[in-house]
């Protein structure tokens, strides 16, 4: 949890003190603040006529699941996570109704399940619900850093409707398992380090649909959790809500 807090804090600090954004001609007459730190422009004051930018610091609060060789929507409890993105917006048209956005991001996720996992050299296999026995409460935990790229479409006005279509290349920092179970009337807690065949290079696509500072969020990883073709092939699926601070 300390790692999550430190990286999230670092991204927030960078957003507050980072460089000013791409300059473009446009109208700047709105009296409304679409989000926290609306007037933050980085090191330098905003130039006259500079377009307002949106969705620079975003938090995706996600429900996490998998899709592939094991059934989807069978998680055993809340499997939550969060992505933090600090994106630099580049307007493509005069009124900033179409733009590109790129920048760093950090994400972590939990997948709470009750399936046995076997680690055999560089092969990782998940059991299924037909396996006999009690395997306790198990949780798959992952952390990754990445660079998302988005195409953004929005309507006019501060109460705008928006669509973000994007993709991401990321590095999987770790992917490990936590387990809690009873053995001989004793509660056992164990942590299993990342498997040998964790897929480190991650490719994903995402979409946001929303109004002003809030949006529905969906993401799918094209790359599976594990690189060995003999391992259980599972892909990360995320659904949730995006909150934009400014």
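For the reader, a short list of remarks on this structure follows.
- Residue in the stretch 200-221 that is modelled with pLDDT under 95, surrounded by 13 or more Cβ atoms within 10 Å (Cβ to Cβ) and within 16 Å of residue 138 (Cα to Cα) present: no
- Whichever residue in the stretch 97-128 is assigned to a loop (DSSP other than H, G, I, E, B) and without any contact (Cβ under 8 Å) to a residue 40 or more places away in the chain and, among such residues, is nearest to the chain's Cα centre (by Cα): 114
- Among the residues examined, residue 94 does not qualify as in contact with a strand residue (DSSP E or B) (Cβ under 7 Å, 6 or more places away or on another chain), part of a strand (DSSP E or B), surrounded by fewer than 22 Cβ atoms within 10 Å (Cβ to Cβ) and touching a residue at least 12 places away in the same chain (Cβ under 8 Å).
- When the stretch 150-165 is limited to residues that are without any contact (Cβ under 8 Å) to a residue 60 or more places away in the chain and part of a strand (DSSP E or B), the one that is nearest to the chain's Cα centre (by Cα) turns out to be 165.
- Residue count for the stretch 141-161, restricted to those that are farther than 12 Å from residue 103 by Cα and buried (at least 20 other Cβ atoms within 10 Å of the Cβ): 4
- Tally of residues being surrounded by fewer than 16 Cβ atoms within 10 Å (Cβ to Cβ), touching a strand residue (DSSP E or B) at 6+ places or on another chain (Cβ under 8 Å) and at pLDDT below 95 across the stretch 222-242: 1
The values are calculated or read from the model by the stated rules, or taken from the named source; none is laboratory data. Since we're looking at a predicted model, the values are computed, not measured. For neighbour counting, all protein chains shown are included, and Cβ atoms are generated from backbone atoms with ideal geometry for every residue, glycine included.
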